[in-house]
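Just below is one structure, and these are the notes that go with it.
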Amino acid sequence: MSDELSFEIEIPTDNDGFVLLQCPLCGEFFKLAPADIKADDVLEIWCPNCGLKSENYITDEIRDLALRMAKNHVQDMIHRQMKELERKTRGGLISFKAGHTPTAEYEPPVIPGIDELEVQNYPCCKRQAKISPSVKLTGGYCPFCGVSYDEHK
Ligand SMILES: [Zn+2]
Ligand SMILES: [Zn+2]
């Protein structure tokens, strides 16, 4: 794929500066601060609910938006090429007419979402995350080092 197909999606933070993530394995939502996600000493992220590591924690919403944006981008590109062809062939033996501008897929605004998540402190890494009250109750795992916060320990 060429560079033309690259685009960025801004994932907004909530009022406390956390971004919403979702574990692809258990579907659990949690929030981390972007600064922590990008920190040099944070190489991997553990799901605070199931305690497993995943490649990425993009929410379905973001994945869906990325697909829509990619589709719109490609449609745009094709339409522009059609227009170009139309311009070039005008008045010639063969003429070419581009169709209507394609209707773009709706690109919904990304909302930070899930407000019921609560801040949890992880003394092991001196960092914070927002997790669901039920995970908080059972302890869960530190998203930054995978250590178990199981209350039975
Ligand atoms: Zn999980
Ligand atoms: Zn930790």
Query - Over segment 1-80, equivalent-ellipsoid semi-axes from the Cα gyration tensor in Å - result: 28, 14, 13
Query raised in the report: How much accessible surface does Cys124 have with a 1.4 Å probe, in Å² rounded to 10?
Result: 60
Query - Å³ per residue enclosed by the Cα convex hull of segment 59-107 - result: 50
**Report entry** P(r) of the chain over all Cα-Cα pairs, binned every 5 Å from zero, in whole percent
**Finding:** 2, 8, 15, 16, 14, 10, 8, 6, 6, 5, 4, 3, 2, 1, 1, 0, 0
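Divide by every residue of the chain the summed helix terms, -39500 (n - 2.57) for each DSSP H run of at least 4, and state the resulting mean residue ellipticity at 222 nm, rounded to the nearest 500 deg cm²/dmol.
Value at 222 nm, helices only: -8500 deg cm²/dmol.
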Report task. Any chance you could give the angle, 0 to 90 degrees and rounded to 10, that helix 60-89 forms with the longest Cα principal axis of the chain? Result -> 10
Report task. Please calculate how many Å² of accessible area segment 3-138 carries per residue, with a 1.4 Å probe and no DNA, RNA or ligand atoms counted. Result -> 67
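Using only alpha carbon pairs under 8 Å that are at least six residues apart, calculate the relative contact order of segment 3-138 and give it in whole percent.
On the way: 155 pairs, mean separation 37.4, N = 136.
28 percent.
What's the local net charge at Lys71, with K and R +1, D and E -1, over the other residues with C-beta under 12 Å away?
Every neighbour counted, the sum reads -3.
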Requested in this report: Please list, or write none, the lysines whose alpha carbon is within less than 29 Å of the alpha carbon of Lys71, excluding same-chain residues fewer than 8 places away.
Outcome: Lys31, Lys38, Lys83, Lys88, Lys97
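Ignoring ligands, DNA and RNA, what percent of the 1.4 Å accessible area of segment 3-138 is carbon and sulfur? Before the final figure, lay out each step's value.
Numbers: 4990 of 9130 Å².
So the carbon and sulfur contribution to the accessible surface is 55 percent.
The values are calculated or read from the model by the stated rules, or taken from the named source; none is laboratory data. Source: prediction; values computed, not measured. Using ideal geometry, Cβ is built from the backbone for each residue, glycine included, and neighbour counts are taken over all protein chains shown. We work out accessible area using only protein heavy atoms, side chains counted, and drop any ligands, DNA or RNA first. Shrake-Rupley method; radii C 1.70, N 1.55, O 1.52, S 1.80 Å.
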